[in-house]
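Notes for the one structure printed next.
The values are calculated or read from the model by the stated rules, or taken from the named source; none is laboratory data. Keep in mind the model is a prediction, meaning the values are calculated, not measured. In this analysis, Cβ positions are derived from the backbone assuming ideal geometry, glycine residues included, and neighbour counts consider all displayed protein chains.
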Amino acid sequence: KSAETLHTSSPSMDISKASNFERFVFDLMGKDGKVTAGMFKQVDEAGGFDISKDAVFKDIAKNGFQSGRSAHENRLETIRNIDSQYGVMIYTHTADGVKVAREHLQAGIPMIVLETALPIKFEETIEVALGRPAECPPAFKDIKSKPQRVENIDADVNQVKNFITAHLN
């Protein structure tokens, strides 16, 4: 439940309902919105759902899914290890992925972990892990001194469409 979500040094992992997982389940269930909504209603009411006896369950394995757990200390250690071993600074979510990926390594099968953000976005945790600040890419050097623009709009599809259309150029 959202009220019980704990805030950690990996904020994208601090979720009660993962929208990307919900999209995966939607696809898995043949793009049936009613079935998917019913399943996630079970999450609200019972804390989860079980599809292990459903015919689609075997399809999950085809997608290469594995799971694992990474806590703050694991993150810090993985960031340190990758920096020390490879001279590469990674950020918190990548550290979670690397930590869990290493638990599932199989001889002769490459494991790839993708990074989708920059360590500078998580500068406090990087400083704790490595004892030095995250590297700021040259293109972002002055970004904090740039003017910021914020527009608040309602959570309404038409308002979002109109805003995008009005600001395309």
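Structural remarks
- So T92, is it loosely packed, with under 10 Cβ neighbours inside 10 Å, within 19 Å of S9 (Cβ to Cβ) and touching a helix residue (DSSP H, G or I) at 6+ places or on another chain (Cβ under 9 Å): no
- Filtering V157, V150, V100 for residues that are assigned by TED's automatic domain parsing to the domain that holds N81 and either over 30 Å from G68 (Cβ atoms) or surrounded by 10 or more Cβ atoms within 10 Å (Cβ to Cβ) (or both) leaves a single hit, V100.
- Any hit, the range 47-70, residues being under 15 Å from the mean Cα position of the chain (by Cα), within 27 Å of C136 (Cα to Cα), in a loop (DSSP other than H, G, I, E, B) and without any contact (Cβ under 8 Å) to a residue 60 or more places away in the chain: no
- Of the set (1) in contact (Cβ under 8 Å) with a residue 24 or more places away in the chain; (2) touching a Lys or Arg at 6+ places or on another chain (Cβ under 7 Å); (3) more than 24 Å from R23 (Cα to Cα), all apply to L76 but (2).
- E77 being modelled with pLDDT of 85 or more and assigned to a helix (DSSP H, G or I): yes
- L130 meets all of the listed conditions (1) within 19 Å of the chain's Cα centre (by Cα); (2) more than 14 Å from N74 (Cβ to Cβ) but one, namely (1).
- So I82, is it at pLDDT below 95, over 18 Å from the mean Cα position of the chain (by Cα), of a type in the set (A, V, I, L, M, F, W, C) and assigned to a helix (DSSP H, G or I): no
- Residue list for the range 119-169, restricted to those being touching a Phe, Trp or Tyr at 6+ places or on another chain (Cβ under 8 Å) and among the basic types (K, R): K121
- Within the range 141-162, residues that are within 20 Å of K121 (Cβ to Cβ) have Cβ atoms under 9 Å from residues that are surrounded by 10 or more Cβ atoms within 10 Å (Cβ to Cβ) in these pairs: I143/C136, counting only partners at least 6 apart in sequence or on another chain.
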